[in-house]
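Visitor: Here it is, the structure in full.
No lab work stands behind these numbers, since they all come straight from the coordinates. As the structure is a computational prediction, the values presented were derived from the model and not from experiment. So basically every Cβ, Gly included, is an ideal-geometry build from the backbone, and we count neighbours across all protein chains shown.
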Amino acid sequence: MPLTLAHRIRRGVFVGLGAIIILAVGIYGPATLVGPLPAATATVLNPAPPAVASSPPTLPQTGASGISVGDDPTVLATAGQADAVPLGGTAKVILALVVLDAKPVDAGKPGPSIVVTAEDYAGYVDYIANSARAVSFITGESWTEREFLQAILLGSSNNHSDALARWAFGSVDGYLTAAKSWLTKNGLASTTVVDATGLSGDSVGTASDLTRVAQLAFENPVIAEIMAEPSATVNKNRVVNNLATYLPEQGVTGLSLSYTDQAGLCFLFSVTVTVAGNTVPVYGALLREPDYDTLHQDMVALVASAPLSLKPTPVVTAGDTFIRYDTAWGQSAEGVALAGDDRMRWAPVTTEPVVSAAQVTTALAGTTAGSVAFDLPGGPLTVPLKLSAPITDPGPLWRLTHPVPVIQAFLDSRH
């Protein structure tokens, strides 16, 4: 019997629906059963810093003092006066750093020649008349830059300080302008110099700033080389003794040891201490010490306490958790530190970690899960993270019964 128009329409609809169903099943099945899965959600966690029972070395409560360790530019402990105090002869260390920044000299090399002027010699005569420290020179003599630095750093020569400032910057005022820029560039905002020698009570700085100055000076190979000398023969026949030598038998290397009525005794130094079998340099500044007996007691106490209180402080410990991964099918795992690391400090590191999470869908335990980075004063530290547990495929039943996340992952994979 011939089909009516209505029958033909119904049959066409059934055939069309059947084709759509067959096509949908043909796409849905493969897409869900063998297609990609949605990535796990990564939540960044910040573990609590490890508890470390530690305290800084013994610092004097009189005057002003500060301490730093190794290549960490952070001043880790200060004591006494927090505001700026007169610098005394420590101002000459700033002079040396500023001049070497503008007129660098290679370690072990003499550097350019400096001819003593009549103005330089007149300054020498004036310092001698006022019983201020001075190493002799006369008009017309030619010295090397290194010899000038030896006279200033070893012999605390005031006349050489003024003469070096004039040579390097045209005048003492030119040097003061350069010193202001250098102090700003190095973050030493609490220090002001108004002369090249530190004889003026208006040249002032904080113990924190001067601790950093000591560290910068010992990091300079020319200054470190000079301060290791017990004495030096300059300009052919003048012997300059190292006036900053103090407690060398206890591992102390002096950088500047000076006295003025305004500043009192001021001492910049480094001392090498042994911690956990490793040698570590400690840099320090003791300002406004009242007398040599007090300075001696304070230095002996500091040197004795430093190796006892300084210890490796954890930055990150192996197994610390920084990421939690959660999947749409209910599994979870953590991104944990692959290894630990520590730094020589007196307190836990408080720097906020920067976590980079890897994209994870299914993976074995131990798979790379990103990294965690710390911007530390002594240099950056990056530690890889690993997956603490496996994340496995949820299986066909979950795939077939959760079309939305599976199809979305399939579509995302096509882009």
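Visitor: Relative contact order for segment 202-275: what is it in percent, counting Cα pairs under 8 Å that are at least 6 residues apart?
Guide: Numbers: 80 pairs, mean separation 16.5, N = 74.
Taking the mean separation of contacting Cα pairs over the length of segment 202-275, I get 22 percent.
Visitor: I need to check one value: relative contact order of segment 44-188, counting alpha carbon pairs closer than 8 Å and at least 6 residues apart, in percent. All intermediate terms of the calculation are to be shown ahead of the outcome.
Guide: Numbers: 153 pairs, mean separation 26.9, N = 145.
Worked out over segment 44-188, it gives 19 percent.
Visitor: Pick out which of Asn159, Asn46, Asn242 has the largest mean-square fluctuation in a Gaussian network model of the chain, springs linking Cα atoms closer than 10 Å.
Guide: Maximum among the listed residues: Asn46.
Visitor: Counting helices only, and only those DSSP H runs with n ≥ 4, report the 222 nm mean residue ellipticity of the chain as the sum of -39,500 (n - 2.57) divided by its residues, in deg cm²/dmol to the nearest 500. Could the numbers behind the result be given before it?
Guide: Working: 11 runs with 143 residues, N = 415.
Computed mean residue ellipticity for the chain: -11000 deg cm²/dmol.
Visitor: If I take the Cα coordinates of segment 220-285 and project them onto the principal axes, what are the three extents in Å, biggest first?
Guide: Largest to smallest, the principal-axis extents are 45, 33, 23 Å.
Visitor: May I ask for the angle, rounded to the nearest 10°, between helix 172-185 and the longest principal axis of the chain, with both axes built from Cα atoms and the value confined to 0 to 90°?
Guide: 30 degrees
Visitor: Defining a contact as two alpha carbons under 8 Å apart and six or more residues distant in sequence, what relative contact order in percent does the chain show?
Guide: Working: 842 pairs, mean separation 91.6, N = 415.
So the answer I get is 22 percent.
Visitor: Angle between the Cα long axis of helix 158-169 and the longest principal axis of the chain, 0 to 90 degrees, nearest 10?
Guide: 50 degrees
Visitor: Between Thr74 and Leu45, what FRET efficiency follows from the Cβ-Cβ distance if R0 is 30 Å, with the result rounded to 0.05?
Guide: 0.70
Visitor: Looking only at Val93, Val404, Val172, which one moves most when the chain is put into a Gaussian network model with springs between Cα atoms under 10 Å?
Guide: Top of the fluctuation ranking is Val404.
Visitor: In addition: What does the convex hull of the Cα atoms of segment 183-317 come to per residue, in Å³, rounded to a whole number?
Guide: Values: hull volume 21.0 nm³, N = 135.
Normalising the Cα hull of segment 183-317 by residue number yields 155 Å³.
Visitor: Would you mind finding the longest exposed-site-free stretch of the chain, with exposed trypsin sites (Lys or Arg not before Pro) meaning DSSP loop and at most 14 other Cβ atoms within 10 Å? If you can, show how the numbers build up before the last one.
Guide: Working: sites that count: Lys236, Arg414.
Answer from the scan: 1-235.
Visitor: Rounded to the nearest 0.05, what FRET efficiency do Lys185 and Leu397 give with R0 = 56 Å and r taken as the Cβ-Cβ distance? Could you check?
Guide: On the way: r = 66 Å, r/R0 = 1.18.
Calculated value: 0.25.
Visitor: When the Kirkwood hydrodynamic radius is evaluated over all pairs of different C-alpha atoms of the chain, what value in angstrom, to one decimal, is obtained? If you can, show how the numbers build up before the last one.
Guide: Values: mean 1/r = 0.0381 Å⁻¹.
In the chain this quantity evaluates to 26.3 Å.
Visitor: Once the Cα atoms of helix 207-219 and of the chain are each reduced to a long axis, what angle between those two axes, in degrees from 0 to 90 to the nearest 10, is obtained?
Guide: 90 degrees
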